[in-house]
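The numbers here are math on the coordinates, done by the rules we state, and not lab data. The structure displayed is predicted, hence computed values, not measured ones. Neighbour counts are summed over all protein chains in view; Cβ atoms, including those assigned to glycine, are modelled from backbone coordinates with ideal geometry.
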Amino acid sequence: MTTFVPPTRGDGPLRFAEDIPNTPGQSETIPSSWYTDPARFELERKYVLNPSWQIMCRSEELTETGDHVVWEGHGETIVITRRKDGGLDGFHNVCLHRGARIVRDSGSCARRFKCPWHDWVYDYAGNVVGIPDREDFDQDILNNLKAPQVELAEWGGWVWGVLAGPGVAPPLNEWLGEDILVDLGAYKMEDMYLREKVTWDVDVNWKVVVDAFNEFYHAPALHHIPPQDVKDGREMRIFEFERHSMMVVPLKGALPKLRENPDHQSVAICHYTIFPTSVFNNNPEHLQLFRSVPISHNKTRFETWELWYKSDDQAYLDRTQRHWDHLKIVVGEDVWTWEDVNAASRSSYYKQNFFNDRECKIPFFHNQVNRIINEGVARDSAGN
Ligand code: FES
Ligand SMILES: [Fe+2]
């Protein structure tokens with residue numbers, strides 16, 4: 001047995017230097033319709049969700065040739081497959097014949113995919129390679145049929161995808177940006193493994209789920225954290241980048257260490273909000289991905305992915321299991337509040353949300369969604 005040691009960190013910038021302010025933002029108000037309007041959800045699908053990089057699955061779910069994952073969210077369905085050369089292919093899981101879903105379940109060892117309705121056959125890349133009674137069709141339509149493509153990339157042991165296809169979003173590294181690559185990259189998630197995934201189907205807008213993990217303000221009330229234990233947490237540092245944001249929350253008693261130690265990850269909980277649908281909640285020795293999968297304007301699949309380091313150190317495994325068991329209860333409390341958010345969401349008197357300056361990551365996120373929608377609508381109406 002080897003005693004567990006987390007990866008060496010601390011090569012990135014100091015996050016608690018004297019000149020770094022507590023928060024970069026200020027109090028703001030946003031309209032309730034951003035959460036409740038079905039028409040807005042359609043705009044988000046078109047301009048925000050489909051053209052952005054989003055996490056689809058773990059690379060470890062696609063290790064062998066022919067392993068495939070069916071991912072579904074915001075009305076879309078796609079298939080991701082591991083090719084023989086180690087790369088990934090992905091295409092929209094919609095039969096070009098009459099629109100049935102081609103592949104229902106994730107699985108392994110696939111050589112071809114056959115649509116269940118009339119047996120059209122697709123290869124890994126979504127090319128149509130078999131059509132029963134081919135001669136009965138108008139032959140002109142059958143040339144070079146290929147399902148629409150999804151752009152895929154791997155980073156941090158995750159498979160990321162852009163549903164709108166290749167070249168729509170900047171390359172993944174550029175999308176994530178230097179701060180996220182260095183800070184979140186320090187955890188070496190590619191060396192971790194999926195310990196457990198817990199999924200809840202909840203009746204709230206997907207952004208309610210993202211918001212829930214974007215502030216620390218609710219911790220004393222909802223999670224019953226005593227005042228002396230949240231004191232250091234109030235000294236968190238918040239960083240807003242081009243698209244994403246980050247929040248470094250000192251563990252109790254860690255502040256003096258943080259002022260001189262660039263390895264903030266060893267003594268703080270670091271949150272990374274990766275636009276648009278993911279929040280990482282990183283503890284020094286294990287981490288969670290809170291993934292909001294939008295389903296409709298008021299339905300979301302909320303996934304919590306728990307990642308551990310590979311170790312045979314029983315003490316590490318035991319304390320991490322204890323902490324994770326505790327966190328599942330804490331996350332259950334967040335889920336519980338969404339019933340109340342749902343219950344009030346159709347009230348004629350629900351007009352807006354306002355946020356204090358320590359909740360500034362939330363309006364920062366919503367303002368980006370809003371800006372991207374407005375730019376997209378303006379572009380389309382100008383005919384570009
Ligand atoms: S709908 Fe797929 S083969 Fe007909
Ligand atoms: Fe919470």
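Across Gly161, Gly130, Gly66, mean-square fluctuation computed from a Gaussian network of the chain (C-alpha pairs under 10 Å connected) peaks at Gly130. Look at the dipole of the chain built from charges on Cβ: of Ser296, Val103, Pro276, the Cα furthest out on the positive end belongs to Ser296. Running a GNM on the chain with Cα contacts under 10 Å, which residue among Asp203, Asp19, Asp313 ends up with the highest mean-square fluctuation? Looking only at Asp203, Asp19, Asp313, the largest GNM fluctuation is found for Asp19. Between Asp119 and Thr2, what FRET efficiency follows from the Cβ-Cβ distance if R0 is 56 Å, with the result rounded to 0.05? Calculated value: 0.60.
Positive end of the dipole of the chain (Cβ unit charges, origin at the Cα centre): among Ser245, Phe16, Phe355, the Cα lying farthest that way belongs to Phe355. Dipole size of the stretch 224-329 about its Cα centre, with +1 on Lys/Arg Cβ and -1 on Asp/Glu Cβ: approximately 360 debye, rounded to the nearest 20. Once every Cα of the chain carries one equal point scatterer and solvent is ignored, give the base-10 log of I(q)/I(0) from the Debye formula at q = 0.10, 0.14 Å⁻¹, two decimals. Debye intensities relative to I(0), on a log10 scale: -0.71, -1.31.
Entry note, the chain: relative contact order of 24 percent, from Cα contacts under 8 Å with a spacing of 6+ residues.
Based on Cβ point charges of +1 for Lys and Arg and -1 for Asp and Glu, what charge dipole magnitude is obtained for the chain about its Cα centre, in debye rounded to the nearest 20?
The calculated dipole for the chain is roughly 360 debye.
Taken as Cα centroids, the stretch 311-334 and the stretch 138-216 sit 26 Å apart, rounded to the nearest whole angstrom. Beyond 28 Å in Cα-Cα separation lie the following of the pairs Lys46/Lys310; Lys114/Lys310; Lys46/Lys299; Lys310/Lys361; Lys207/Lys351; Lys231/Lys299: Lys46/Lys310; Lys114/Lys310; Lys310/Lys361; Lys231/Lys299. Computed over the alpha-carbon pairs of the stretch 235-341, the distance histogram in 10 Å steps reads 12, 37, 37, 13, 1 percent, short to long. Dividing the alpha-carbon radius of gyration of the stretch 54-152 by the rule-of-thumb value 2.2 N^0.38 Å gives 1.07. The slack in the chain from Asp312 to Ser108, taken as 0.36 nm per residue of separation less the alpha-carbon distance, amounts to 70.6 nm. By the Cβ distance rule (another cysteine Cβ under 4.7 Å), the unpaired cysteines of the chain are Cys57, Cys109, Cys270, Cys360.
Given springs between every Cα pair under 10 Å in a Gaussian network model of the chain, which of Trp305, Trp158, Trp200 has the largest fluctuation? Result for the chain, Cα springs under 10 Å: Trp200 fluctuates most.
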